[in-house]
Amino acid sequence: MRMRLRTKLVLAITALMFVVVVSLSMIFISVLLQHRVEEVYHTGDLATYEIFTAARYSMEQGFASGKVNLQDPEAVHRKALDSISNDPTLKNLLNAIVVYSNVVSAAYIVDNDNVVLMHSLSDRHGEVEEPRLNFLHVYQASFLGKWRGVFGKTHEYTLNRAILLNDKTVASVRVNVNTVLILHELGPQLQRALAFSLFSLLVSIMLAAALSNLALRPLELIGEQLDRMTFAEAVAGPKSAARLDDEYGVVSSKVDRIGRQMRDVQEVFTALKDNLDQIMANLQDGIMLFTREAKAVLVSASVEPFLGRQRRDLLGYSIAEIFRNGRNSSPLDTLVRNAFYDHHAFQGLEVKNRAGKLVIASLDFIEENGEGLGALLTLRDAESAQKIEDELELSRRLSAIGRLTSGVAHEVKNPINAIVVHLEVLRQKLQHLPPETRRHMDVITNEIHRLDRVVQTLVDFYRPVELKRAAFGLNRLVEDVVMLARLEAASHGHRVEVRLSPLPLTVRADYDMVKQALLNIVINGLQAMQELPSATLTITTATAHDKVGVIRVRDEGTGIPPEIQDKVFNLYFTTKDSGSGIGLAMTYRVLQLHSGSLSFKTSDRGTEFCMELPLAETAAPSRESTRQETA
């Protein structure tokens, strides 16, 4: 969770004060501890010196009062120890040092074997006193060493001073100092330092909060101005009135001017964006506009199926990030990336994308006065382009055939009429014909009438049709067609499954013509499954691109062989013994008359025909509901 600027400022000031207070406290404690350790050391050292001087005096008095063989070292040593052990003045000195010192816990003299010769405690005479840790180590240690020495587990240390006779140690003066006494003196001062630190931290937090409010208040006022600019409110007012003789007043006035300019620019930009979005939404080709730094600043929605990525994952990214070079890169990625690096434009190149689909790509570099401004990349579906070209070619061929057929039909119609008239005259004149001859004349008559029907069909097929347009829903159309096809499905034990869109899918078209067109496809699908028991014909309604209504009819037949797939919409082309070859051609023409389209996909598991008609009104896509019916 991100912290507010005010919180960061308070924490920063508090941390700074904490560091300062802790540093000062540590310095104070360090100085206090150093001073107290030095005081203890000097006190103990002075005590050892006093005892040392008194012991030396005792030895001198002992040697002066008694006879001793100075040539016998052992006798001299014994005389020195006896002098120290039996001197009452030295005993009183030891007791006085312990009584009047607040850090010395014991004072005593031991021989070289650590046997007590004289002790401030009378009952310790003659006992062995093991040497303790010398307080000199604490005195000479660093701050941390002094801290561990005073506040550690060891609380009693010793200060030593040797008593020499003829340059040899005969005894040692020892003074024990106890750190508990030091802690007792340092405790109140440390408590006062801790209380001062806590009080300083509390005051620093309060000061930090006050200073943050004072420092950030101008930013809050500027933020309020920016908010009013965002909602297109008047910046001038009681809250925005600022003194121009301080920094905030200067910034506030500049914000006012920027706000007015931004609102003007925003209005122009909004209008341009709406127009551009409307244009881009209607484009089937994918368009990407790049800056001179090769970053995408404009991406149409139709780019997504070409690159397999959402617009939000493309805007603001560079060429190298969009068209990556790696194991999963496609020829399209390589082509566009290399063209940008080489600054080489190309037009209408067919290349595959990552999905393996063929794409027609074009790249143009935008320049002005020899300076590069960016680049425009256009992507087009090669299959869709080829499909459109095929449909245009088919339309041109049908149009040419129509013109030719209308002329041929006109020329053939007149001879047929003459033949029919003269055949009837001949039939009337020849009243008594043999049965064999009459049968031949009947055959000629029937064939002439069939030829006349064929010519009439050609004339009707290519004759301009007056469409009776009306608004109706594709869902209702499907229900009516399914009702008519129910008998055909039931006769072969087939099922018809209907999946209707929850949207009405309203179109404006000639209901009877579109109904007949759909019925032709449904009947063809049922007939394709005649040899299959319990097969299912599925009819689905949906939307495409929010502006096109779609009806899909899928059968479970054996599919359309590849060698005849380009002939299924040809007039009079049929693979059925009793077929006329007019149904799909008529359906294709009906969809063309209504600015729609008819296509199919086939495999060995069935064929799906797709009828597309423009919707009368825009309908938002929704999840389709499914309803099943059994014929």
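The values are calculated or read from the model by the stated rules, or taken from the named source; none is laboratory data. None of the values given here were measured: they were computed from a predicted structure. Using ideal geometry, Cβ is built from the backbone for each residue, glycine included, and neighbour counts are taken over all protein chains shown. For the accessible areas, the whole protein counts, side chains as well, though only heavy atoms, and no ligand, DNA or RNA atoms are used. Shrake-Rupley method; radii C 1.70, N 1.55, O 1.52, S 1.80 Å.
Summary of values
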| item | result |
| --- | --- |
| Residues within the stretch 509-546 that are open to solvent by less than 10 Å² (accessible area, probe 1.4 Å) and either at positive phi or in contact with a helix residue (DSSP H, G or I) (Cβ under 8 Å, 6 or more places away or on another chain) (or both), tallied | 9 |
| Ala47 being in contact (Cβ under 8 Å) with a residue 60 or more places away in the chain and open to solvent by less than 40 Å² (accessible area, probe 1.4 Å) | yes |
| Single residue of the stretch 168-208 satisfying the filter (assigned to a strand (DSSP E or B) and small (Gly, Ala, Ser)) that is surrounded by the fewest Cβ atoms within 10 Å (Cβ to Cβ) | Ser172 |
| Some residue of the stretch 77-85 being more than 16 Å from Arg56 (Cα to Cα) and open to solvent by 50 Å² or more (accessible area, probe 1.4 Å) | no |
| Among residues of the stretch 556-582, those that are among the small types (Gly, Ala, Ser), open to solvent by 50 Å² or more (accessible area, probe 1.4 Å) and modelled with pLDDT of 85 or more, counted | 0 |
| Qualifying positions in the stretch 173-197 - more than 60 Å from the chain's Cα centre (by Cα) and either of a type outside the set (Ser, Thr, Tyr) or farther than 20 Å from Gly145 by Cα (or both) | Val173, Arg174, Val175, Asn176, Val177, Asn178, Val180, Leu181, Ile182, His184, Glu185 |
| Checking Leu503 against (1) closer than 21 Å to Thr602 by Cα; (2) open to solvent by less than 40 Å² (accessible area, probe 1.4 Å); (3) not in a strand (DSSP E or B), the condition it does not meet | (1) |
| Residue satisfying all of: in the stretch 321-345; within 22 Å of the chain's Cα centre (by Cα) and in a helix (DSSP H, G or I); surrounded by the fewest Cβ atoms within 10 Å (Cβ to Cβ) among these | Glu321 |
| Residue pairs meeting the criteria (Cβ under 9 Å; at least 6 apart or on separate chains; first closer than 25 Å to Val420 by Cα, in the stretch 451-479; second at pLDDT 80 or above and open to solvent by less than 80 Å² (accessible area, probe 1.4 Å)) | Phe461/Ala585; Phe461/Met586; Phe461/Arg589; Tyr462/Arg589 |
| Test: residue in the stretch 4-12 that is more than 25 Å from Trp147 (Cβ to Cβ) and not in a helix (DSSP H, G or I) | yes |
| Any hit, the stretch 83-95, residues being in a strand (DSSP E or B) and either touching a residue at least 60 places away in the same chain (Cβ under 8 Å) or farther than 15 Å from Arg174 by Cβ (or both) | no |
| Filtered residue count, the stretch 111-131, keeping only those that are open to solvent by 80 Å² or more (accessible area, probe 1.4 Å), touching a strand residue (DSSP E or B) at 6+ places or on another chain (Cβ under 9 Å) and either under 18 Å from Leu165 (Cα atoms) or in a loop (DSSP other than H, G, I, E, B) (or both) | 4 |
| Some residue of the stretch 150-159 being at pLDDT 80 or above, over 60 Å from the mean Cα position of the chain (by Cα) and open to solvent by 60 Å² or more (accessible area, probe 1.4 Å) | no |
| The stretch 160-187 residues that are over 16 Å from Asn134 (Cα atoms) and in contact (Cβ under 8 Å) with a residue 24 or more places away in the chain, paired with ones that are of a type in the set (Phe, Trp, Tyr) and open to solvent by 60 Å² or more (accessible area, probe 1.4 Å) (beta carbon under 8 Å, 6 or more apart) | Leu183/Phe151 |
| Boolean, Leu467 is farther than 21 Å from Thr602 by Cβ, more than 47 Å from the chain's Cα centre (by Cα) and modelled with pLDDT under 85 | yes |
| Qualifying positions in the stretch 346-384 - part of a loop (DSSP other than H, G, I, E, B) and either within 32 Å of the chain's Cα centre (by Cα) or within 16 Å of Leu307 (Cα to Cα) (or both) | Asn353, Arg354, Ala355, Gly356, Lys357 |
